[in-house]
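Student: Take this structure, written in structure tokens, and hold onto it; I'll ask about it next.
The values are calculated or read from the model by the stated rules, or taken from the named source; none is laboratory data. Predicted model, so just to flag it, every value in this text is computed and none were measured. Methodologically, a virtual Cβ is constructed for each residue, glycine included, from the backbone with ideal geometry; neighbour enumeration extends over all protein chains shown.
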Amino acid sequence: MTSIDVRDLTKEYGGRRAVDGLTFAVRPGQVTGFLGPNGAGKSTTLRLLLGLDRPTSGTATIGGHAYARLRDPLHRVGALLDARAAHGSRTARDHLRALAVGNRIPAGRVDTVLEETGLAPVARCRVRTYSLGMRQRLGIAAALLGDPEVVLLDEPANGLDPEGIVWIRTLLRRLAAEGRTVLVSSHLMGETAVFADHLLILGRGRLLADTPVREFIHARVRPHVRVRTTDPAALGALLARHGHDASPDEDGTWTVWHARVDDLGRLMSGAGVPVLELAAREATLEEAYLDLTAAEAEFTAPSQEA
């Protein structure tokens with residue numbers, strides 16, 4: 001199958017580097033999440049991959065070729081960059097049929113992708129009557145129309161309802177399982193942690209991380225156990241005696257780092273320390289992402305903490 005390869009990619013606009021020397025590869029058979037703060041260069045990178053912008057230097061290739069040199073590109077690459085691309089006066093069916101005819105795609109694929117994206121019941125409605133979520137589904141239908149080996153989606157869950165979120169998650173996993181190359185830009189950390197196998201993270205146009213999801217989370221955020229008791233002093237002494245890395249919180253609970261719930265439960269039970277709460281808290285992608293990108297956000301709001 002087809003890989004995406006980016007080498008020393010740079011794009012400048014009026015002296016400002018939107019993309020700064022990026023080098024990475026996206027491999028088939030997995031979903032790669034493409035993350036970064038607003039202004040990090042994600043959309044610019046996708047546009048450079050699709051030949052919509054020309055790089056200042058470096059290369060962005062799909063299967064070893066620039067997008068502009070691909071023969072029958074919709075058969076090779078499917079992309080969603082803007083859900084508003086479809087003309088409002090057309091029906092979904094007409095929009096997809098025009099794409100099929102112009103790209104030598106069998107007409108039967110139109111009905112296939114309408115069914116696959118859940119739009120078959122409204123296929124003859126004009127696009128201007130669609131909600132944002134329905135437009136997203138239409139954009140994804142267009143991306144899948146040529147049955148491509150490579151799928152690039154920019155914020156595909158934008159505007160989707162909970163059922164749609166589950167649907168796009170399942171779709172992405174299926175596309176990867178079929179051996180396709182799937183690159184998804186998203187701001188939804190919780191969802192990205194569910195559907196992605198690998199992460200590419202940008203900050204101010206530079207590559208900050210190129211890593212498997214679980215490795216990234218575990219390397220940056222320490223899992224911990226939250227403990228609450230009627231005798232905090234006894235608990236603190238017990239934890240210190242057994243060499244646990246622990247700290248008291250303002251609400252009277254204790255946070256114990258790198259510990260297991262069952263081990264702490266046995267320890268407290270054996271020492272006669274009452275247990276009111278004993279809960280594991282796993283590290284999240286959002287915590288790891290914010291830890292990495294705290295200094296890379298271009299637009300930030302003041303802290304809301306008192």
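Student: May I ask you to list the residues in the stretch 82-121 that are small (Gly, Ala, Ser), under 18 Å from residue 171 (Cα atoms) and part of a loop (DSSP other than H, G, I, E, B)?
Tutor: Within the stretch 82-121, 83, 118 qualify.
Student: State all residues of the stretch 141-167 that are under 25 Å from residue 39 (Cβ atoms) and under 17 Å from the mean Cα position of the chain (by Cα); if no residue qualifies, say none.
Tutor: Across the stretch 141-167, the qualifying residues are 151, 152, 153, 154, 155, 156, 157, 158, 159, 160.
Student: Residue under question is residue 79, and the condition is that it be part of a loop (DSSP other than H, G, I, E, B) and closer than 19 Å to residue 144 by Cβ; does it hold? Before you say what the answer is, go through the steps one by one.
Tutor: Working: part of a loop (DSSP other than H, G, I, E, B): no; closer than 19 Å to residue 144 by Cβ: yes.
No, not satisfied.
Student: With respect to the numbered conditions (1) closer than 30 Å to residue 275 by Cβ; (2) assigned by TED's automatic domain parsing to the domain that holds residue 38, which one is the sole condition not fulfilled by residue 203?
Tutor: (1)
Student: Select from the stretch 104-126 the residues that are among the hydrophobic types (A, V, I, L, M, F, W, C) and in contact with a strand residue (DSSP E or B) (Cβ under 7 Å, 6 or more places away or on another chain) and write down the one among them that is surrounded by the fewest Cβ atoms within 10 Å (Cβ to Cβ).
Tutor: The extreme case among them is 125.
Student: Sticking with this one: Of all residues in the stretch 165-195, how many are more than 14 Å from residue 285 (Cβ to Cβ) and among the β-branched types (Val, Ile, Thr)?
Tutor: Selection size over the stretch 165-195: 6.
Student: Let me ask something additional. Looking at the stretch 219-264, which of the residues that are surrounded by 13 or more Cβ atoms within 10 Å (Cβ to Cβ) and among the β-branched types (Val, Ile, Thr) is nearest to the chain's Cα centre (by Cα)?
Tutor: Looking at the filtered set, the residue picked out is 221.
Student: The conditions are (1) farther than 20 Å from residue 179 by Cα; (2) surrounded by 13 or more Cβ atoms within 10 Å (Cβ to Cβ); (3) of a type in the set (A, V, I, L, M, F, W, C), and residue 141 fails exactly one of them. Which is it?
Tutor: (1)
Student: Tally the residues that are within 24 Å of residue 188 (Cα to Cα), of a type in the set (D, E, K, R) and out of contact with any Ser or Thr (no Cβ under 8 Å at 6 or more places or on another chain), restricting the search to the stretch 113-169.
Tutor: Qualifying residue count for the region: 5.
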